[in-house]
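Below is one structure, written out as structure tokens; the observations come after it.
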Amino acid sequence: MSAQPRYQPYSGPAAGWGALRSVTQHWLDSKQPIKNLRALLKTNQDDGFDCPGCAWGDSPDSHLVKFCENGAKAVNWEATKRGIGRAFFARYSVAQLREQSDYWLEHQGRLIEPLRYDAASDRYLPIDWDSAFALIASELQRLASPHEAEFYTSGRASNEAAFLYQLMVRAYGTNNFPDCSNMCHEASGVALGQSVGVGKGTVTFADFEHADAILVFGQNPGTNHPRMLEPLREAVQRGASVVCFNPLKERGLERFQHPQHPLEMLGNGSQPTSSAYFRPHLGGDMAVVRGMAKYLLQWERERPGSVFDQRFIDEHTAGLSDWLAAVEASDWAQIETQSGLARSEIEQAARLYVRAERVIACWAMGITQHRHSVATIQEIANLMLLRGNIGKPGAGLCPVRGHSNVQGDRTMGINERPPAFFLDALQRRFDFPVPRAQGHNTVEAINAMLEGRSKVFIGLGGNFAQATPDSPRTHAALQQCALTVQISTKLNRSHLMHGKQALILPCLGRTDLDLQAGGPQAVTVEDSFSMVHASKGQLAPLSREMRSEPAIIAGIANALLGTRPVDWLHLAEDYARIRELIADCIPGFADFNARLAQPGGFYLGNAAASRRWNTEGGKARFLAHPLPEHLLPAEVRSQAEAPHLVLQTLRSHDQYNTTLYGLDDRYRGVRGMREVLFVNPQDIQRLGFVPGQKVDVLSLWDDGIERKVHGFTLLAYDTPAGQAAAYYPETNPLVPLDSYGVGSHTPTSKFIAIRLQAAATEQRIL
Ligand SMILES: Nc1nc2c(c(=O)[nH]1)N[C@H]1C(S)=C(S)[C@@H](COP(=O)(O)OP(=O)(O)OC[C@H]3O[C@@H](n4cnc5c(=O)[nH]c(N)nc54)[C@H](O)[C@@H]3O)O[C@H]1N2
Ligand SMILES: Nc1nc2c(c(=O)[nH]1)N[C@H]1C(S)=C(S)[C@@H](COP(=O)(O)OP(=O)(O)OC[C@H]3O[C@@H](n4cnc5c(=O)[nH]c(N)nc54)[C@H](O)[C@@H]3O)O[C@H]1N2
Ligand SMILES: [Mo]
């Protein structure tokens, strides 16, 4: 699928013919094009399955085809005819598989039978399901404490699977739930919980149709949430503004830029414009928003009552004066240096914000994967509260979620720091001593395994070995375990970085028909807008040996706990039974089974969206943080050598997290390669390199560990000076385990201090 390595800036628009060509290639590559076309037409339809791609919601009014280029890739990836079982694993030892690329591993096809690692032959061999369940139960029972096991979840797990999983794990006795959300929108949950009392977004799809301005911070929807481009485009057509903040000119967002000069309409008398594109420094968004707030304060003082929504503030909020004091105390020199924007640009952004009556603020990983992410998100919330932009139509907060059910998994209790009301509800309903001690998040789980405090790792989906920071240490952490279990659809590195004993349990995916004793089953998911809807797989599974996630969890739970506190196997026969339990325990799910029949699903409700504030004090809170003194952390500043560049790690157009569909990144002009470093041409020159040269990349931290990746090709790219970009997961070895967000523990994947060295082999490939 991927040609000779090539780099040539892309000139076409986002989507369009380039997208069609790409979908067709992936579709043919699945080896069952006709079957998959049927599948694609069922994507996100009422009687079909939820797209296994992103968590963007659907317009309830549209019955048209509801998939995008990258959703189509996700479906074709899952619905492949290729399967791997005993023959494949007889051919390759684990050591040989480790030599293969991540791309090659996933490309081999779907996992079709349960496997157990055999140390004598260094191979995975077939095992029957009951023996696999018995092995897990005996290893878990052998631990000195349930807190010595880690139960990871990736955000594709359905509500039913997640609820059953957390119930099993808590009945076993721990809250150790590291999950992908810890590396993703954790900061949004933490920040918004404190600010507005709900750790989720407050908008629904309909709000996008009424917004006068949409702010898009640190997000690349053209690749990662393509269906979001449609409401953005409609907004612009309606005369609303779309205001983007991103150091990179992302192709899918560029169309919303004012075609001539983004700075043209600065002064009062200038032409109104619909849109603007600002390019802050990595990690500079808090300073941007602080600067916008400074202008708002100034204008309010000049014309009292013209800017702040004083009625909303008086009735609904607390803490304004402390925050305004912090705004006043921040000086422009610091704001300009830290934000990377000129004061005039910040003024322009502030004008676009105040001119709009109803504003939505969206953000994703460009905001959350930073050290000061919680403070930054609270600053965005402050800005929105100032003009009453939460809890009215066409306005609100919109952390755009990643995995298709990552939000639902949290709602179901995949949470290492569960709220007391949730645990109380479990205890009331199931009558067992629910563990109350805080569990491990992802970073804590890695540390616990590294130090030998945790000995069993179970992964409900995902690719823990590659998605996590500091890869060599994470690999070592997994390899030290007594047992690792991966419940997966495809082969990935997490199966190869295994514990002393190891299991691969092949599961059904979203597109697969899920037949249980009670008939064909549907599962449910929750999107970024708190809409819950059913997902029903359509395609006959590749093998009878694959099981659904609920069935696998029930099998493990049955071996581990018998029928305590529920009859697990009975539940897995008909998922409506699981939904009844969810309805009993989780607010918003009353009459769950009946309400699922509603076309498009049902809205879970959101207290903040109806201006009820479940915070300390019962009001929405302006939370005041000083601007960070330095963006570079002390652990980097203390090093003898200063960093050459700051690196962000991001997604190409041809990947889904650690799953690589191909080796191209169409909108950034890259073909056939991934080990590349996007650097400003002047930086390349300043550092004494030439474009196309290969370099080794080192990251800086104060723990004496050398973190390095080799042979990355330098690409001259339009990125602000000093700021580089490269793909994840190839660069995860550079992310120090101890470099994470304050209050969120999210690895700082968008801010890594690096130095470059000429690669040992001086070969140039371009
Ligand atoms: N096709 C596809 N879809 C996906 C995924 C996928 O891998 N492939 N992944 C899913 C998941 S789990 C998630 S979480 C989402 C991720 O969706 P995104 O958050 O869009 O993903 P990233 O590629 O990490 O892009 C981050 C963007 O933020 C910008 N950025 C980085 N640092 C900063 C900063 O400091 N400030 C600002 N203002 N911008 C910054 C980058 O230039 C980039 O455009 O997508 C989901 N959807
Ligand atoms: N450096 C850096 N690191 C990052 C990020 C970054 O931007 N930069 N982003 C972070 C983010 S936002 C996230 S969400 C995480 C993602 O972390 P994960 O969710 O752990 O990773 P994925 O790559 O989505 O997992 C892919 C694997 O999931 C399995 N799988 C796919 N579908 C299913 C299914 O339906 N059921 C089951 N059981 N298994 C399935 C397949 O075996 C596949 O190999 O990575 C994080 N890591
Ligand atoms: Mo994510």
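The values are calculated or read from the model by the stated rules, or taken from the named source; none is laboratory data. Just so it is clear, the structure is predicted and the values come from calculations on it, not from any experiment. Here Cβ is always computed from backbone atoms with ideal geometry, including for glycine, and neighbour counts include all displayed protein chains. With ligands, DNA and RNA removed, areas are computed over all heavy atoms of the protein, side chains included. Shrake-Rupley method; radii C 1.70, N 1.55, O 1.52, S 1.80 Å.
Cα centroids of the stretch 706-747 and the stretch 303-364: how far apart, whole angstrom? So the two Cα centres are separated by 31 Å.
For the stretch 607-743, the calculated P(r), taken from all Cα-Cα distances in 5 Å bins from zero up to the bin holding the longest distance, is 2, 8, 15, 17, 16, 12, 9, 8, 6, 5, 2, 0 percent. Dividing the helix sum by the residues of the chain, where each DSSP H run of 4 or more adds -39500 (n - 2.57), gives a mean residue ellipticity at 222 nm of -10000 deg cm²/dmol.
Simple rule: put +1 on each Lys or Arg Cβ and -1 on each Asp or Glu Cβ in the stretch 469-528, find the dipole, and look at GLN480, ASN492, GLN521; the Cα lying farthest toward the positive end is GLN480.
Residues whose amide H lies under 5 Å from that of HIS644, counting only those 5 or more places away or on a different chain, are ILE754, ARG755, LEU756; hydrogens are built 1.01 Å from N in the peptide plane.
Using a probe of 1.4 angstrom and keeping all protein chains present, the accessible surface of the chain works out to 35 square angstrom per residue.
Relative contact order of the stretch 635-766: what whole-number percent is it, with Cα pairs under 8 angstrom and at least 6 residues apart?
Computed over the stretch 635-766, the figure is 35 percent.
In percent, rounded to a whole number, the relative contact order of the chain is 21, using alpha-carbon pairs under 8 Å and six or more apart. Measuring how big the stretch 115-183 is from its alpha-carbon positions, Rg and Dmax come out at 14.2, 39 Å.
Working note: Karplus 6.51/-1.76/1.60 with θ = phi - 60° gives the stretch 713-720 the couplings 8, 6, 10, 5, 9, 7, 10, x Hz, where Gly and Pro are set to x. Over every Cα atom in the stretch 331-490, the radius of gyration and the widest Cα-Cα span, Dmax, amount to 21.2, 61 Å. Look at the alpha carbon pairs under 8 Å that are at least 6 residues apart: their mean separation over the length of the stretch 293-392 gives a relative contact order of 38 percent.
Unpaired cysteine residues in the chain (no second Cys Cβ under 4.7 Å): CYS51, CYS54, CYS68, CYS180, CYS184, CYS244, CYS481, CYS507, CYS585. Magnitude of the charge dipole for the stretch 661-709, about its Cα centre and with charges confined to Cβ atoms of Lys, Arg (+1) and Asp, Glu (-1), is about 300 debye.
Rounded to the nearest 20 debye, what is the charge dipole size of the chain about its Cα centre when +1 sits on each Lys and Arg Cβ and -1 on each Asp and Glu Cβ?
1120 debye
For the chain, with all protein chains in place and a probe radius of 1.4 Å, 51% of the accessible heavy-atom surface sits on carbon or sulfur. For the stretch 458-502, the spread of Cα coordinates along the three principal axes comes to 25, 22, 14 Å, biggest extent given first. For the set LYS200/LYS536; LYS536/LYS750; LYS200/LYS619; LYS81/LYS200; LYS73/LYS392, the pairs lying more than 28 angstrom apart at their alpha carbons are LYS536/LYS750; LYS81/LYS200; LYS73/LYS392. Kirkwood-type hydrodynamic radius, the stretch 409-498: 14.5 Å, calculated from all non-identical alpha-carbon pairs.
Ranking GLY388, PHE464, ALA448 by how far each Cα lies toward the positive end of the dipole of the stretch 368-467 (charges on Cβ) leaves GLY388 at the top.
Evaluating 6.51 cos²θ - 1.76 cosθ + 1.60 at θ = phi - 60° for every residue in the stretch 687-697, the Karplus couplings come out as 8, x, 10, 10, x, x, 6, 8, 10, 9, 10 Hz, glycine and proline recorded as x.
By definition, a body whose alpha carbon gyration tensor gives a ≥ b ≥ c is oblate when a/c is 1.5 or more and a/b is not larger than b/c, and the stretch 529-604 fits this oblate description. Taking θ as phi - 60° and the Karplus parameters 6.51, -1.76 and 1.60, the scalar couplings of the stretch 603-611 work out to 8, 6, x, 7, 4, 4, 5, 9, 6 Hz in sequence order, x denoting glycine and proline. When peptides 590-596, 507-513 are ranked by their average number of other Cβ atoms within 10 Å per residue, the highest-first order is 507-513, 590-596. Summarised in one figure, the compactness ratio Rg/Rh of the chain, Cα atoms and Kirkwood Rh, is 0.95.
Excluding same-chain neighbours fewer than eight residues apart, the aspartates and glutamates reachable from LYS490 by a Cα-Cα span under 18 Å are ASP29, GLU78, GLU99, ASP102, GLU106, GLU113, ASP512, ASP514, GLU545, GLU549, ASP654. Please work out, to two decimal places, the log10 of the ratio I(q)/I(0) at q = 0.14, 0.19, 0.21, 0.26 Å⁻¹ from a Debye calculation in which every Cα of the stretch 465-542 carries one identical scatterer. Here log10 of I(q) over I(0) equals -0.67, -0.87, -0.91, -1.08.
Across the options ALA620, LEU253, ALA502, the greatest Cα extent toward the positive end of the charge dipole of the chain (unit charges at beta carbon of Lys, Arg, Asp, Glu) belongs to LEU253. When both bridge partners sit in the chain, DSSP labels roughly 40% of those beta bridges antiparallel.
Computed from the C-alpha gyration tensor, the three semi-axes of the ellipsoid equivalent to the stretch 270-418 are 26, 19, 16 Å, from longest to shortest.
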